[in-house]
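The values are calculated or read from the model by the stated rules, or taken from the named source; none is laboratory data. Computed from a predicted model, the values in this text were never measured in an experiment. Cβ placement follows ideal geometry from the backbone for every residue including glycine, while neighbour counts extend to all protein chains displayed.
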């Protein structure tokens, strides 16, 4: 299925899910729209690649090349139904660039890059997610919630030098979603934890945020904190594992 069709399918699923929940319980018709924007600087401490996974050369975009820190952003929009049910859609693009001179021959995607040759690499990992979660605890001081996330990854790793080679991959990943917010007392400051994660024999994925929050007024939350993405896959087609670190700033709006 083409990526555009997958994104369209996600949007249709979100509409059907919201309509179904409202039909099952008319109280859910009381909807509140939420929007979130996050900007960040991202750096990698691991980015190991071997393509194909059973015959390519394993090398690191971090250790064998030099990967530059890069700006990143993500946008989330959703609807909260009857306070406890939340459905959101997320767009989170990511691109990291690496460069350097190879100290040995590298076979990547069927192409050989010779030792001593300068190369430029692009690591792209765009994420589209649809999440449903239910708040088990929902009051002014504490929110605890859990649910499920369907993720579409649109990934690419490319090497440019005397030759050019690339590997692209688009696929679906199911994840568990956990969310917790704590505002001690009746103050405007709080702590936020949010995670999408799951591990399986074929690979793993974790996206975890820990941040301080501040609510300057009702309906507006600002946050600043640390986000980490870690995971990858290992099979005959591809070996790719990365560990990324974000310094994140964000704003959430309830409309």
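Within the stretch 193-217, work out how many residues are surrounded by 15 or more Cβ atoms within 10 Å (Cβ to Cβ) and within 20 Å of residue 148 (Cβ to Cβ). The number of residues fulfilling the criteria is 13. Reported count of residues in the stretch 99-125, each being over 18 Å from residue 48 (Cα atoms) and part of a strand (DSSP E or B), is 1.
Among the residues making up the stretch 25-57, a single one is within 24 Å of residue 169 (Cβ to Cβ), at pLDDT 95 or above and exposed (fewer than 14 other Cβ atoms within 10 Å of the Cβ): 45. The residue pairs whose first member lies in the stretch 98-112 and is in contact (Cβ under 8 Å) with a residue 40 or more places away in the chain and on the phi > 0 side of the Ramachandran plot, whose second member is surrounded by 13 or more Cβ atoms within 10 Å (Cβ to Cβ) and outside any strand (DSSP E or B), and whose beta carbons are closer than 6 Å, counting only pairs six or more residues apart or on different chains, are 109/51. Determine whether the stretch 144-157 contains at least one residue that is at pLDDT below 95, in contact with a strand residue (DSSP E or B) (Cβ under 7 Å, 6 or more places away or on another chain) and loosely packed, with under 13 Cβ neighbours inside 10 Å. Looking through the stretch 144-157, none of the residues is at pLDDT below 95, in contact with a strand residue (DSSP E or B) (Cβ under 7 Å, 6 or more places away or on another chain) and loosely packed, with under 13 Cβ neighbours inside 10 Å.
For (1) assigned to a strand (DSSP E or B); (2) within 27 Å of residue 243 (Cβ to Cβ); (3) within 12 Å of the chain's Cα centre (by Cα), each residue gets a yes or a no:
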site: 133; (1), (2), (3): yes, yes, no
site: 147; (1), (2), (3): yes, yes, no
site: 162; (1), (2), (3): no, no, no
site: 173; (1), (2), (3): yes, yes, yes
site: 206; (1), (2), (3): yes, yes, yes
site: 211; (1), (2), (3): yes, yes, no
